[in-house]
Amino acid sequence: MSLYNYITYIEYLNKKLSGFFENQKEYICCKKGCAKCCKHGNYPFSEIEFRYLMFGFKKLDINKQNEIKNKIINLNEEKITSSEKYLMYECPFLFNDECVLYDYRGIICRTFGLMYFRKDGSTKIPFCAFDGLNYANVLDTETKTISEGKFEEHGYKQEPLAFNVHYNFLTDKDHEFGYGIEFGERKTLLDWLIEEFHIQ
Ligand code: SF4
Ligand code: SF4
């Protein structure tokens, strides 16, 4: 599985996403050291995204690699004993609230924080809005929707917008065809890691 075309796609995606984040900057609080979105999730990864992540992993020093492997062993135990269908966990690549594989992170990691459209056309507000972060300044906490009134009241220049950045859309057949890539199988990040490191 060649990573070359995938890297080209990631460069394109980074540019596109940074335009969206810039457009929405009046509502965005993302900054280095804020990592709520890496602390409670199951993180879908396609095979090519995972291979790119592992490409970055191999560049880490051996002590860091071992620390990460130990975290994965613990998460696997948690998964085995959990009664939840989908275990939600802190990503093992998070250290002191920073991603040690930031440049190699997955697509879901890159889009998190923006509002996006679901398949049915409805709008998904990032969960951190309910923790006082992204879009909290225009959130109506009772209706759990974006408040037009608050947007006008604050006199923001750009209205709060959702974008077409759903994970399934960004990894669909059209993108595969357009960039000559194959995303391959999809699993949660933890499932990929358990398999990669042969954890029992
Ligand atoms: S998406 Fe939310 S939780 Fe994640 S870095 Fe941005 S503000 Fe923080
Ligand atoms: S890979 Fe990095 S950005 Fe993605 S969830 Fe893990 S720590 Fe967060």
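The values are calculated or read from the model by the stated rules, or taken from the named source; none is laboratory data. Just so we're clear, the structure is a prediction, and the values are computed from it rather than from any experiment. Here the Cβ is made from the backbone with ideal geometry for all residues, glycine too, and neighbour counts use every protein chain on show.
Of note:
- Filtered by the rule that a residue be closer than 17 Å to Leu170 by Cβ, of a type in the set (A, V, I, L, M, F, W, C) and away from ligand 1 (no atom under 16 Å from the Cβ), the stretch 4-62 gives Ile7, Ile10, Leu13, Phe45, Ile48, Phe50, Leu53.
- Tallying residues that are among the polar types (S, T, N, Q) and more than 16 Å from ligand 2 (Cβ to nearest atom) within the stretch 38-69 yields 2.
- In the set Tyr86, Tyr179, only one residue is among the aromatic types (Phe, Trp, Tyr) and modelled with pLDDT under 95; that residue is Tyr86.
- Ile68 vs. criteria assigned to a helix (DSSP H, G or I), more than 12 Å from ligand 1 (Cβ to nearest atom) and of a type in the set (A, V, I, L, M): yes
Quick grid of which residues meet (1) more than 20 Å from Cys34 (Cα to Cα); (2) more than 16 Å from ligand 2 (Cβ to nearest atom); (3) at pLDDT 95 or above:
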| residue | (1), (2), (3) |
| --- | --- |
| Ile125 | no, yes, yes |
| Leu133 | no, no, yes |
| Glu142 | yes, yes, no |
| Asn164 | yes, yes, yes |
| Phe169 | yes, yes, yes |
| Asp174 | yes, yes, yes |
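- Residue check for Ser46: over 16 Å from Asp97 (Cβ atoms) and without any contact (Cβ under 8 Å) to a residue 12 or more places away in the chain: no
- Pairs meeting the criteria (first residue in the stretch 175-189 and of a type in the set (Phe, Trp, Tyr), second residue outside any helix (DSSP H, G or I) and buried (at least 16 other Cβ atoms within 10 Å of the Cβ), beta carbons under 6 Å, at least 6 apart or on different chains) are Phe183/Ser46; Phe183/Thr171.
- Flag for Arg105 being without any contact (Cβ under 8 Å) to a residue 60 or more places away in the chain, within 15 Å of ligand 2 (Cβ to nearest atom) and within 23 Å of Leu189 (Cα to Cα): yes
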